[in-house]
Structure formats: C-alpha cells, structure tokens
Amino acid sequence: MSQFIRLFLFFGAVVTSLAACAAQYQRQTHPEEHFVIEYLTSWKPYSGKHNASFSIPDHSKADVSIRVYPRAQEDSATAEAYIARFIEVVKQEGGQLNGKDIIQVSGRAATKLEFAVANGWGPVTGVSIIIPDGPQYYVASLHGKEADVTAVRPQFDRLVVSLRLGPMPKSLKEIH
C-alpha cells in the first residue's frame, strides 16, 4: 500500500510541476472589435486603430502582428492583390517562397505564405497569413531572424488558431 501512495504522490508532484510550467495566456479584443486573439502574457501588445503588434522578450528579432487592410490608397485593394504583391516583393528581395497553402482561420479560407529572404544581419524568415473578409482582409504575420522566428512559431500558430474575427467596418478607407 505504501508503494501505491508513493506512486500517487510522485504523479501528483509531476502534474503540479507541469501545471506550474504551463504558459499563461491573455485575451485581447481589438479596440475597434475587428478581432479577438490570445497571446502569451509575456508578450507586450501595441494596438493601433487597425492593427495589433507584439514585442516579444528574449526574441527581439521576431515581429508578430495582425493588421486590417486596405487602410490607405497605396495598399493592395484585395487579398488576392496583396498575395501577388507579397510574392513579387519576396522575389525582388532575392528571397524565396517556401510554401503556399490554404488553411482555415476563424471559419474562413486563408492563404499561408512562408518565405525566406537574406539581409544585412542574416536570413529573415517568416509566415504571413492572409484572411479575406468581404472588401477588406486581415494579415497575421511573423517574421524576423531565423532562430527567433523558429522559437516563436508555435506561439504564433496558437495565436492564429485563437483568432476570432469580428464585424469589419464598411470601408477602412472611409474611417481615416
């Protein structure tokens, strides 16, 4: 019987330790209610009128953001135009597209683009997920130094899975 109790206490200690190590998440509703996301509490959010960006401690060479487009005349008018322009820019920068897939985000078909580009401080990698929503579209992106992007990628993927899109304004251009 004492062996059973020791085994029970051992598993209880393991479960308690794992729970203590579990990541803590915070939910954020965008000020204009465009979207709701969950992110690590250690990430520092910065919200704008049509976007949210994050500062990520220990991975300062990785940028995470979600933006609503089009916001200005120079922005691509549609998600399809944004995707075409994105691929063109990656190639112009001497980079390569490592993957293009269709995934589901918040009940919508979204395009996931994975890329790599070389720059002055080393290879930059990333992923951009373009989510059409009527006349507007969202872009969730992670990019930066390869090692930092690799470390942050699981949390970025979780953020994208947690994304819940809200009602969009009639036209973001009319709001400015």
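The values are calculated or read from the model by the stated rules, or taken from the named source; none is laboratory data. Computed from a predicted model, the values in this text were never measured in an experiment. Using ideal geometry, Cβ is built from the backbone for each residue, glycine included, and neighbour counts are taken over all protein chains shown.
Of the residues Ser60, Ser76, the single one that is within 27 Å of Thr150 (Cα to Cα) and of a type outside the set (Lys, Arg) is Ser60. Scanning segment 129-163 for residues that are part of a helix (DSSP H, G or I) and either hydroxyl-bearing (Ser, Thr, Tyr) or farther than 19 Å from Ser55 by Cα (or both) yields Thr150, Val161, Ser162.
Do the conditions hold for Ala62, that is, is it more than 18 Å from Pro154 (Cβ to Cβ) and among the small types (Gly, Ala, Ser)?
Details: more than 18 Å from Pro154 (Cβ to Cβ): no; among the small types (Gly, Ala, Ser): yes.
So Ala62 fails the test.
In segment 90-116, the residues that are within 18 Å of Thr78 (Cα to Cα) reach residues that are assigned to a loop (DSSP other than H, G, I, E, B) with C-beta atoms within less than 8 angstrom, at least six apart or across chains, in these pairs: Val105/Leu163.
Against the definition (surrounded by fewer than 19 Cβ atoms within 10 Å (Cβ to Cβ), modelled with pLDDT of 85 or more and closer than 18 Å to Glu38 by Cα), how does Ser106 come out, yes or no? It would help to see each step written out before you state the result.
Values: surrounded by fewer than 19 Cβ atoms within 10 Å (Cβ to Cβ): yes; modelled with pLDDT of 85 or more: yes; closer than 18 Å to Glu38 by Cα: yes.
The answer is yes for Ser106.
Give segment 123-143 a look and list any residue that's over 14 Å from Ser106 (Cβ atoms) and touching a helix residue (DSSP H, G or I) at 6+ places or on another chain (Cβ under 8 Å), or say none. The answer is Pro123, Val124, Thr125, Gly126, Val127, Ser128, Leu142, His143. For beta carbons closer than 7 Å, sequence separation of 6+ or different chains, a first residue in segment 62-86 that is in contact (Cβ under 8 Å) with a residue 60 or more places away in the chain and a second that is buried (at least 20 other Cβ atoms within 10 Å of the Cβ) and part of a loop (DSSP other than H, G, I, E, B), the qualifying pairs are Ala62/Ile56; Val64/Ile56; Arg67/His50; Val68/His34; Val68/His50; Arg71/His50.
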